[in-house]
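Engineer: Take a look at the following structure, please.
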């Protein structure tokens with residue numbers, strides 16, 4: 001299985017993995033699961049950190065490697081999928097993550113129920 005973490009799920013994983021729902025922890029902890037983190041989530045977290053709204057590690061590449069997460073870049077295919085999405089969600093980062101999940105055919109780890117309106121399969 002392949003899972004794409006939303007920004008909130010990534011932050012919870014780093015800060016207090018026990019706060020994630022059991023289904024998400026089990027899916028992410030399965031050795032057969034590839035856990036993806038979008039560069040968009042790292043971008044969002046970096047912005048929030050620079051505004052003082054979030055405490056986040058300085059060494060993002062090291063953090064990703066320590067958890068065994070795979071970085072998902074934003075591709076032209078993702079942007080094409082984004083352009084086709086209706087405005088169910090006003091947050092540009094969440095809309096991009098939904099487009100990536102649909103384009104990649106992966107489930108998304110998110111507690112944001114608005115994502116379901118895009119037809120994204122969710123684990124939470």
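Engineer: Would you work out if segment 44-104 is rounded, prolate or oblate? Take a ≥ b ≥ c from the square roots of the eigenvalues of the alpha-carbon gyration tensor; rounded if a/c is under 1.5, else prolate when a/b is larger than b/c, oblate otherwise.
Structural biologist: Judged from the Cα gyration tensor, segment 44-104 comes out oblate (a/c at least 1.5, b/c at or above a/b).
Engineer: In addition: Sort 35, 120 so that the residue with the fewest other Cβ atoms within 10 Å of its own Cβ comes first and the one with the most comes last.
Structural biologist: Fewest-to-most Cβ neighbours within 10 Å comes out as 120, 35.
Engineer: Quick check: from the Cα gyration tensor, does segment 1-66 come out rounded (a/c under 1.5), prolate or oblate?
Structural biologist: Here segment 1-66 falls in the prolate category.
Engineer: Also: Would you compute, from DSSP H runs of 4+ residues alone, the mean residue ellipticity of the chain at 222 nm, taking -39500 (n - 2.57) per run and dividing by the full residue count, rounded to the nearest 500?
Structural biologist: Value at 222 nm, helices only, nearest 500: -14000 deg cm²/dmol.
Engineer: Sort 76, 71 so the one with the fewest other Cβ atoms within 10 Å of its own Cβ comes first.
Structural biologist: Least crowded to most crowded, the residues run 76, 71.
Engineer: List 33, 110 from most exposed to least, where exposure is judged by having the fewest other Cβ atoms within 10 Å.
Structural biologist: The fewest-first ordering by Cβ neighbours comes to 33, 110.
Rule-based calculations on the coordinates, nothing more; no lab input. Bear in mind the structure is a predicted one, so any value in this text is a computation, not a measurement. Note: ideal-geometry Cβ built from the backbone for every residue, glycine included; neighbour counts use all protein chains shown.
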